[in-house]
Amino acid sequence: MTKYIAPKNIVVYADDDPDDIELVEEAFRQFANNVEVVTFPDGSQAVSYLKNLSEEDPLPCLVIFDINMPVLNGKEALVRLRQIEKYEEVPVVLFTTSSMPIDKNFAQHYGAGFVTKPLGFEQMEIITREFINHCAEEIQKQIRR
Amino acid sequence: MMRLNAFQQLQECQQVALLYQQGVYIGKRKLGSTVIVLYQLEGFYAEVFYRTYRREIMWIDCFSETAKLDPYLAGIDVEHLVL
């Protein structure tokens, strides 16, 4: 008998701060059976990766961009991603140290979520749930099962 | 507007909530295994000392003296600003 193993849901995360990358990877570790986090140190590399995914590759269930990154910041990366037809509807979250309304409005304008980086453990738990809530409903069920 | 002495009177969880909602992130530095994150509130600064980054807070130090910003300023690359 051949056992079917469902492919993991891909979360793409770009951040130049290795501590924050570690934090998000750790946050998703509880869903490791269903989620794989693919990380990049800047927006440019993340957008290149996403652009070059073939038609056969599944689209990521969530893309997370830090705002302040070298080469291509999170806002620029979001704009570039939305210009690619297949990413018009893919859930994106700007994950940032900022809590400024101007950044929130920017995210909203481009159909993205906006999450301020946490200060403490309790907030990180909430934020992980928030990340997953941005995924499509079907994916949310798969991740949480 | 929250003043420094009023902030100091708050419980740590209240300080954390306020920094999360209103703090402006300035920078991060490391002191041995301790990670320290600096936020600005109106008229003063707060440093969050972490045992585990963004997870386990050791304490929060708040101050208004700009001399304490030096360790963060030293880490900013201003080369691209020089003509």
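The values are calculated or read from the model by the stated rules, or taken from the named source; none is laboratory data. Everything quoted here is computed from the prediction, not taken from an experiment. Heads up, the Cβs are rebuilt from the backbone with ideal geometry, glycines too, and the neighbour counts pull from every protein chain shown.
Okay, here's what the table says:
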| item | result |
| --- | --- |
| Flag if A:SER44 is within 14 Å of chain B (Cβ to nearest Cβ), touching a residue at least 24 places away in the same chain (Cβ under 8 Å) and over 22 Å from A:GLU137 (Cα atoms) | no |
| Top-ranked residue in segment A:86-102 [being under 13 Å from the mean Cα position of the chain (by Cα) and among the aliphatic types (A, V, I, L, M); ranked as farthest from the other protein chains (Cβ to nearest Cβ)] | A:VAL90 |
| Filter pass, B:GLY23 being under 25 Å from A:GLU25 (Cβ atoms) and of a type outside the set (Lys, Arg) | yes |
| Members of segment A:101-124 that are assigned to a loop (DSSP other than H, G, I, E, B) and either touching a strand residue (DSSP E or B) at 6+ places or on another chain (Cβ under 8 Å) or modelled with pLDDT of 95 or more (or both) | A:TYR110, A:GLY111, A:ALA112, A:LYS117, A:LEU119, A:GLY120 |
| Filter pass, A:VAL71 being touching a Ser or Thr at 6+ places or on another chain (Cβ under 6 Å) and outside any helix (DSSP H, G or I) | yes |
| Segment A:103-122, residues that are away from chain B (no Cβ under 14 Å) and polar (S, T, N, Q) | A:ASN105, A:GLN108 |
| Odd one out for A:VAL35, checked against (1) more than 14 Å from the chain's Cα centre (by Cα); (2) more than 14 Å from every other protein chain (Cβ to nearest Cβ) | (1) |
| B:GLN15 being loosely packed, with under 15 Cβ neighbours inside 10 Å and at negative phi | no |
| Test result for A:MET69, surrounded by fewer than 20 Cβ atoms within 10 Å (Cβ to Cβ) and either out of contact with any Cys (no Cβ under 7 Å at 6 or more places or on another chain) or more than 25 Å from A:LYS8 (Cα to Cα) (or both) | no |
| Among the candidates A:ILE21, A:ILE10, A:ILE64, residue that is under 15 Å from the mean Cα position of the chain (by Cα) and within 14 Å of another protein chain (Cβ to nearest Cβ) | A:ILE21 |
| Pick from segment B:1-39, criterion of a type in the set (Ser, Thr, Tyr) and within 18 Å of A:VAL115 (Cβ to Cβ), ranking: farthest from the other protein chains (Cβ to nearest Cβ) | B:TYR39 |
| The listed residue being touching a Phe, Trp or Tyr at 6+ places or on another chain (Cβ under 6 Å), under 27 Å from A:ARG129 (Cβ atoms) and away from every other protein chain (no Cβ under 14 Å), out of A:LEU78, A:LEU59 | A:LEU78 |
| Count of residues meeting criterion [loosely packed, with under 13 Cβ neighbours inside 10 Å and within 14 Å of another protein chain (Cβ to nearest Cβ)] in segment A:123-145 | 1 |
